[in-house]
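Novice: Take a look at the following structure, please.
The values are calculated or read from the model by the stated rules, or taken from the named source; none is laboratory data. Since this is a predicted model, take the numbers as computed values, not measurements. All Cβ positions, glycine included, derive from the backbone under ideal geometry; neighbour counts span all protein chains shown. Heavy atoms of the whole protein, side chains included, go into the accessibility calculation; ligands, DNA and RNA do not. Shrake-Rupley method; radii C 1.70, N 1.55, O 1.52, S 1.80 Å.
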Amino acid sequence: MTQDPAATLAALAAALPAGILSTGAAIGEAHWHDWSDQDPVPPLALLRPRSTAEVSAALVALGRLGLAVVPQGGMTGLAGGAHPSAGAVALSLERMNGIVAIDEIGLTMTVEAGTPLAAVQAAADAVGLQYPVDLGARGSCTIGGNLSTNAGGVRVIRYGMTRENVLGLEFVLADGTVVDTLNTMIKNNAGYDLKQMLIGAEGTLGIITRAVLRLQPKPTTVATALCALPDFDAVTALLKQLRRRLGPALTVFEGMWPSFHDFMADALPLARKPFARPHGAYVLVEASGFGEETIQDRLEVALADLIEAGVLEDVVIAASERDARDLWTVRESVSEYGRILGRILGYDLGVPIHAMGALVVALETEIPARFPDARTLCYGHVGDGNLHVVVNVPSAGLHQPHDEVDAIVYALTGRFGGTISAEHGIGTLKKPYLHLARSPEALDVMRRIKRALDPAAILNPGKLLPDP
């Protein structure tokens, strides 16, 4: 920025459509930070466009003034992808919030990017369908943010990542060009599938404004159980057997190590504690079916056989929706970390399922060896190889040892054949470690694509791609 801030803001206001620019105290502190627990950064200004045309006009104006822009959705990201950059303008899609169309025959829903995930789920449910991507932050996170990070969630084992649940996108390039690829067909092989470049790009290649989501029939019966097991070998045996016994009816397979389950269950006053004693591992299982009242029976029979075989030590099966919600309480308690732990270091790792147990043992050994009072909590979407790790060093207070713990976690992840990001993106926090998960050649191709689509590097600068 070559001018003084006041002159720059005056020029920006003159170039923008009326009513979309906020400055100073009018920005609101909610736009100063995301959930990555970095220090708040007030953006130079906040843009809240109401349409794709206004997004395009905003990018044209920002480009002429040489201003960088940080796209923002629900601000629930944990890697810093939506965290403001000093001197940059934040662009929030919160006003672009709505369901455009639902096709109950073609099983699609067209939505604006600022629509919360929970609103999309409710709209699908209202017509007897479902949008199957589901995250704990469903009430706050937006579809644009889910797409930009290729969010996963708890039902990936059955329905795949966000990428597998999108048919088309509309997006705006850095120069203001609006690209309409709002395809509604499952089969469309007409050239490059441009939407795939934007999904997972964290706003570095363009700003997603609308999307065509793929819907699914809504299961008519759902059965939920919390299983207690002796160790991780039993967890993998349970997964193998339930896949064989239930097939695609297995919708959720969420693993929790004692470090997470027992600690959070003790810390949450309303948490249900269904087991009389601690166990070596816990798994939350969900099975769903269509028009068959036997899905509960099928799950119960399978779990009874596994108890008899010694795979399970104990199990609680929900008898009602209320019971099911109670069983989910500990697994969905991540929003309580700030109250219970204070500042945390959070990790979203992908690892081959067979190596996950050994990686947890290594993490829960090496981190406390370096920081004796460290709390290391492990849980995750075991059915798709996604491990979440939360670390808090009480003696460090507000200044958690980020770099040192990062080095331990990512070195161990690499040793066990894993990746530094499974579903939360790269943002700023993981950018220095992207080379551990991508080859030099792959990183070079990413940089070429970035230069081609955003030659002035105004879109979310400093995010995702490591410096050359």
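Novice: Could you please find all residues in the range 189-205 being within 15 Å of the chain's Cα centre (by Cα) and of a type outside the set (A, V, I, L, M, F, W, C)? Talk me through it step by step, then tell me what you get.
Specialist: Our first condition is that a residue be within 15 Å of the chain's Cα centre (by Cα); within the range 189-205, this holds for 199-203.
Once the filter is applied, which keeps residues that are within 15 Å of the chain's Cα centre (by Cα) and of a type outside the set (A, V, I, L, M, F, W, C), the range 189-205 yields Gly200, Glu202, Gly203.
Novice: Continuing with this model, one more query. Pull up the range 284-304, narrow it to residues that are without any contact (Cβ under 8 Å) to a residue 12 or more places away in the chain and of a type outside the set (Val, Ile, Thr), then point me to the one that is most open to solvent (accessible area, probe 1.4 Å).
Specialist: The qualifying residue most open to solvent (accessible area, probe 1.4 Å) is Asp297.
Novice: Further, regarding this structure: Which of the residues spanning the range 75-89 are within 21 Å of Arg138 (Cβ to Cβ), open to solvent by 10 Å² or more (accessible area, probe 1.4 Å) and small (Gly, Ala, Ser)?
Specialist: Of everything in the range 75-89, those that are within 21 Å of Arg138 (Cβ to Cβ), open to solvent by 10 Å² or more (accessible area, probe 1.4 Å) and small (Gly, Ala, Ser) turn out to be Gly77, Gly81, Ala82.
Novice: Taking Ala281, is it under 17 Å from Val360 (Cβ atoms), surrounded by 20 or more Cβ atoms within 10 Å (Cβ to Cβ) and among the hydrophobic types (A, V, I, L, M, F, W, C)?
Specialist: Details: under 17 Å from Val360 (Cβ atoms): yes; surrounded by 20 or more Cβ atoms within 10 Å (Cβ to Cβ): yes; among the hydrophobic types (A, V, I, L, M, F, W, C): yes.
Judged against the criteria, Ala281 is a match.
Novice: Let me ask another. When you scan the range 350-362, how many residues do you find that are within 22 Å of the chain's Cα centre (by Cα) and under 15 Å from Trp257 (Cα atoms)? Steps first, please.
Specialist: Here is the first cut: in the range 350-362, the residues within 22 Å of the chain's Cα centre (by Cα) are 350-353, 356, 359-360.
Then keep just the ones that are under 15 Å from Trp257 (Cα atoms); that gives 353, 356, 359-360.
Result for the range 350-362: 4.
Novice: Now for a different question. Name every residue in the range 214-241 that is in a helix (DSSP H, G or I) and among the hydrophobic types (A, V, I, L, M, F, W, C), in order of residue number.
Specialist: Here is the first cut: in the range 214-241, the ones in a helix (DSSP H, G or I) are 232-241.
Scanning the range 214-241 gives Phe232, Ala234, Val235, Ala237, Leu238, Leu239.
Novice: Sticking with this structure for a sec: Among the listed residues Leu16, Leu93, which satisfies the condition of being over 30 Å from Ile420 (Cβ atoms) and open to solvent by less than 30 Å² (accessible area, probe 1.4 Å)?
Specialist: The match here is Leu16.
Novice: So if I check each of Ile207, Ile199, which one is over 30 Å from Leu303 (Cα atoms) and without any contact (Cβ under 8 Å) to a residue 60 or more places away in the chain? I'd like the intermediate steps shown before the answer.
Specialist: Details: Ile207 fails: without any contact (Cβ under 8 Å) to a residue 60 or more places away in the chain.
One residue alone meets the criteria, Ile199.
Novice: I want to confirm something. Restricting to the range 423-450 and keeping residues that are without any contact (Cβ under 8 Å) to a residue 40 or more places away in the chain and small (Gly, Ala, Ser), which single residue is surrounded by the most Cβ atoms within 10 Å (Cβ to Cβ)? Before you say what the answer is, go through the steps one by one.
Specialist: Let us first name the residues in the range 423-450 that are without any contact (Cβ under 8 Å) to a residue 40 or more places away in the chain, namely 431-448.
Next cut, small (Gly, Ala, Ser) only: 437, 439, 442.
Numbers: Ala437: 18, Ser439: 9, Ala442: 12.
Out of the qualifying residues, it is Ala437.
Novice: When you scan the range 384-411, how many residues do you find that are of a type in the set (A, V, I, L, M, F, W, C) and assigned to a strand (DSSP E or B)?
Specialist: Initial filter on the range 384-411 (of a type in the set (A, V, I, L, M, F, W, C)): 387, 389-391, 393, 396, 398, 405, 407-409, 411.
Those still in the list that are assigned to a strand (DSSP E or B) too: 387, 389-391.
Going through the range 384-411 one residue at a time, the tally reaches 4.
Novice: Given the residues Leu91, Leu59, Leu67, which is the only one that is more than 24 Å from His381 (Cβ to Cβ), in a strand (DSSP E or B) and either without any contact (Cβ under 8 Å) to a residue 12 or more places away in the chain or not aromatic (Phe, Trp, Tyr) (or both)? Give the derivation first.
Specialist: Details: Leu59 fails: in a strand (DSSP E or B); Leu67 fails: in a strand (DSSP E or B).
Within the list Leu91, Leu59, Leu67, the selection yields Leu91.
Novice: Right, here's the next one. Kindly provide the set of residues from the range 21-50 that are open to solvent by less than 40 Å² (accessible area, probe 1.4 Å), in contact (Cβ under 8 Å) with a residue 40 or more places away in the chain and in a loop (DSSP other than H, G, I, E, B), ordered by number.
Specialist: As a first pass, look at the range 21-50 and keep what is open to solvent by less than 40 Å² (accessible area, probe 1.4 Å): 22, 27-28, 31, 34, 36, 41, 43-47, 49.
The next check asks that each one be in contact (Cβ under 8 Å) with a residue 40 or more places away in the chain; those that pass are 27, 31, 34, 36, 41, 43-47, 49.
Passing the criteria: Asp34, Ser36, Val41, Pro43, Leu44, Pro49.
Novice: Give me a count of the residues in the range 224-267 that are open to solvent by less than 40 Å² (accessible area, probe 1.4 Å), in contact with a Gly (Cβ under 8 Å, 6 or more places away or on another chain) and either more than 24 Å from Tyr337 (Cβ to Cβ) or without any contact (Cβ under 8 Å) to a residue 12 or more places away in the chain (or both).
Specialist: Final tally of qualifying residues: 5.
Novice: Test Glu286 against the stated conditions and say whether it is of a type in the set (D, E, K, R), at pLDDT 95 or above and more than 30 Å from Gln400 (Cβ to Cβ).
Specialist: Values: of a type in the set (D, E, K, R): yes; at pLDDT 95 or above: yes; more than 30 Å from Gln400 (Cβ to Cβ): yes.
It is true that Glu286 is of a type in the set (D, E, K, R), at pLDDT 95 or above and more than 30 Å from Gln400 (Cβ to Cβ).
Novice: Oh, and also: Report the residue count in the range 371-422 for those that are open to solvent by 20 Å² or more (accessible area, probe 1.4 Å) and either under 30 Å from Met197 (Cα atoms) or acidic (Asp, Glu) (or both).
Specialist: Residues that pass the stated criteria total 14.
Novice: Please enumerate the residues belonging to the range 105-132 that are in contact with a strand residue (DSSP E or B) (Cβ under 7 Å, 6 or more places away or on another chain) and more than 14 Å from Ile143 (Cβ to Cβ).
Specialist: Passing the criteria: Leu107, Val127, Leu129, Gln130.
Novice: Next question. For residues that are assigned to a loop (DSSP other than H, G, I, E, B) and among the polar types (S, T, N, Q), scanning just the range 412-450, find the one that is farthest from Pro352 (Cα to Cα). Walk me through it before giving the result.
Specialist: Step one: list which residues in the range 412-450 are assigned to a loop (DSSP other than H, G, I, E, B), which gives 416-418, 420-430, 437-439.
Of the ones still in play, those that are also among the polar types (S, T, N, Q) are 421, 428, 439.
Details: Ser421: 13, Thr428: 25, Ser439: 19 Å.
Here the answer is Thr428.
Novice: Right, something else. Please pick out the residue among Thr220, Thr181 that is over 18 Å from Val154 (Cα atoms), out of contact with any His (no Cβ under 7 Å at 6 or more places or on another chain), β-branched (Val, Ile, Thr) and at pLDDT below 95. So that I can check it myself, show each step before the final result.
Specialist: Numbers: Thr181 fails: at pLDDT below 95.
Going through Thr220, Thr181 in turn, just one is over 18 Å from Val154 (Cα atoms), out of contact with any His (no Cβ under 7 Å at 6 or more places or on another chain), β-branched (Val, Ile, Thr) and at pLDDT below 95: Thr220.
Novice: Something else: Can you tell me which residues in the range 451-462 are in a helix (DSSP H, G or I) and crowded, with 18+ Cβ neighbours inside 10 Å? Full working, then the answer.
Specialist: Of the range 451-462, the ones in a helix (DSSP H, G or I) are 451-453.
Leu453, the sole residue that qualifies.
Novice: Mind counting the residues in the range 134-188 that are more than 17 Å from the chain's Cα centre (by Cα), within 22 Å of Ala118 (Cα to Cα), open to solvent by 10 Å² or more (accessible area, probe 1.4 Å) and of a type in the set (A, V, I, L, M, F, W, C)?
Specialist: Summing the residues that are more than 17 Å from the chain's Cα centre (by Cα), within 22 Å of Ala118 (Cα to Cα), open to solvent by 10 Å² or more (accessible area, probe 1.4 Å) and of a type in the set (A, V, I, L, M, F, W, C) in the range 134-188 gives 2.
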